[in-house]
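Chemist: Please find one structure pasted underneath; my questions will follow.
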Amino acid sequence: MTQIIFISKIKNKIDFNLPRLLKSIKLNIQYFKIRFYKMDNQIQLTRYLYEKDEVKLSLLLCILNKKEEAIFWAYELYYSGFKAELVNLFWTMYYDFYYTSNPSFEKYLLKKLNNNLNFETNCEHYLSMIVNNFMIRPHSMDIFMLKQIVNMCEFETNDVLLESVLQNEDYMILASLILSEIKDDCLVDTLANVIQYFIKKGLNLDSKKIVAEYKKIIKNDYHSNNNNKRVILLARLIHYFASTKNIKMGKNIYVHIEPEDVIIYENIYADLRRNDLTPVLPAYKILPLATIYYIDQYNYLSLFHLKREKNNIITAYRDNWLYYASFSLLWRERIIKHNGVIDEKNKKVTFKEQDNSDDNEQGFYDEFGYEPDEQKIETQNKTIQEIKSERTWSLFYDEHKNNGILELDDDILNDMNKVIYNL
């Protein structure tokens, strides 16, 4: 009854046209469904017109290789507006490469990644702290490779007993059970049983505390996905194996970064003040200043499936950059501010003209006209360089396997070509 009275009052106060409202909502939902679908299947450009997924991979690879470029790539995602995706990337990377040697780092990440990196004013340096604290820690390929192997191979697991798998240290069968076969409502019981096994093997483990922490962590928004729950469980089990083999564990040491150290990564804006009748910093001069690194500086991207394999990144960058940049929050807000309209059908951005107002289109391009097609080839290649196939998964595994317990045959590594890796 209360709801009926409340709705009635609303109808008296405004022109409450329910059919029209529902139609509007439906159209908006359809629009966002189409746009989100496109976001998964086509090129998206960041604030300085790098392809978003390639930036994610470059961030991961630079962290694993302890390259300072990692900080630049992190801020490229952050300031482009991909904060939630950046949080997902850190968690995926942590469980795939770092957890088995750094279980205590989980609490640090939970604290720092709270609220999807929506840092308060003057707290952007936390992002650099997170990246640096990854880079000082040991990592392994174990969980990442087990995930790839389970996707590549089929395992016969009928009538397999968990305890026999643990005793035989059959990591591949264990990964298959955890990642794809054990029922969702049995994951916690599986963890409890494995803990008892390792207690018998001599590890000092608090079963109740570990189970409680696992239940808590998988309630986190990111971890609530069933696949994430399984990867988190597998990472814990492989950590217990690593603990029995004297694998090097990361120390509880943390890098601190001062706010002034990350000012260089903030957005660069055109300076339209006139100096001898020309702007001090016109928009078209921003890309040569801002694109500091090549997207594939160390030739690793060929190991992964990239959107540019199905989309023409050169055309997107040179001829239609603003439409593809509109998938980032930063560019979308800039377009809207200048009364821009994103035309999905024709893949372009147009600007509305209004009486008694400045020229919206001219105003936009004065501030943000990067003119990527007019840049020198060196500047363009920072983003759209040719991706050369100079590395193999066998070589990559050899570079990063030192802190792991998994031993892989060359046949498995040679069967790995391009990996689909969703960060």
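Chemist: Which pairs turn up if I take residues in the range 302-325 that are over 30 Å from residue 394 (Cα atoms) and not assigned by TED's automatic domain parsing to the domain that holds residue 61 and look for partners that are part of a helix (DSSP H, G or I) and among the hydrophobic types (A, V, I, L, M, F, W, C) with beta carbon separation below 7 Å, at least 6 apart in sequence or on another chain?
Modeler: Close Cβ pairs satisfying both conditions: 314/384; 317/384; 324/316; 325/331.
Chemist: If I filter the range 136-154 for residues that are modelled with pLDDT of 95 or more, among the acidic types (Asp, Glu) and surrounded by 17 or more Cβ atoms within 10 Å (Cβ to Cβ), do I get at least one hit?
Modeler: Scanning the range 136-154 turns up at least one residue that is modelled with pLDDT of 95 or more, among the acidic types (Asp, Glu) and surrounded by 17 or more Cβ atoms within 10 Å (Cβ to Cβ).
Chemist: So which of 40, 15 ends up being at pLDDT below 95 and part of a loop (DSSP other than H, G, I, E, B)?
Modeler: 15
Chemist: Another question about this same structure. Could you tell me whether the range 89-105 includes any residue that is without any contact (Cβ under 8 Å) to a residue 12 or more places away in the chain and either in the same structural domain as residue 138 (by TED's automatic domain parsing) or assigned to a helix (DSSP H, G or I) (or both)?
Modeler: Scanning the range 89-105 turns up no residue that is without any contact (Cβ under 8 Å) to a residue 12 or more places away in the chain and either in the same structural domain as residue 138 (by TED's automatic domain parsing) or assigned to a helix (DSSP H, G or I) (or both).
Chemist: Go through (1) surrounded by fewer than 24 Cβ atoms within 10 Å (Cβ to Cβ); (2) in contact (Cβ under 8 Å) with a residue 60 or more places away in the chain; (3) over 24 Å from residue 418 (Cα atoms) one by one and return the number of the condition residue 68 breaks.
Modeler: Exception for residue 68: condition (2).
Chemist: Look at residue 287 and say whether it is surrounded by 11 or more Cβ atoms within 10 Å (Cβ to Cβ) and in contact with a strand residue (DSSP E or B) (Cβ under 6 Å, 6 or more places away or on another chain). I'd like the intermediate steps shown before the answer.
Modeler: On the way: surrounded by 11 or more Cβ atoms within 10 Å (Cβ to Cβ): yes; in contact with a strand residue (DSSP E or B) (Cβ under 6 Å, 6 or more places away or on another chain): no.
No; evaluated as a whole, the condition is false for this residue.
Chemist: Considering only the range 112-124, I want to know if a residue exists there that is within 27 Å of residue 415 (Cβ to Cβ) and not hydrophobic (A, V, I, L, M, F, W, C).
Modeler: No, every residue in the range 112-124 fails to be within 27 Å of residue 415 (Cβ to Cβ) and not hydrophobic (A, V, I, L, M, F, W, C).
Chemist: Quickly run through the range 160-177 and pick out the residues that are part of a helix (DSSP H, G or I), under 16 Å from residue 193 (Cα atoms) and free of Cβ contacts under 8 Å to residues at least 60 places away in the same chain.
Modeler: Of everything in the range 160-177, those that are part of a helix (DSSP H, G or I), under 16 Å from residue 193 (Cα atoms) and free of Cβ contacts under 8 Å to residues at least 60 places away in the same chain turn out to be 162, 163, 164, 165, 166, 167, 175, 177.
Chemist: Also, I was wondering about something else. Given the residues 228, 193, which is the only one that is touching a residue at least 12 places away in the same chain (Cβ under 8 Å), closer than 24 Å to residue 110 by Cα and of a type in the set (S, T, N, Q)?
Modeler: The match here is 228.
Chemist: Scan the range 299-327 for residues that are surrounded by 22 or more Cβ atoms within 10 Å (Cβ to Cβ) and not in a helix (DSSP H, G or I) and jot them down.
Modeler: Scanning the range 299-327 gives 326, 327.
The values are calculated or read from the model by the stated rules, or taken from the named source; none is laboratory data. Since the model is a prediction, treat every value here as computed from it, not as a measurement. FYI the Cβ positions are ideal-geometry reconstructions off the backbone, even for glycines, and counts take in every protein chain you see.
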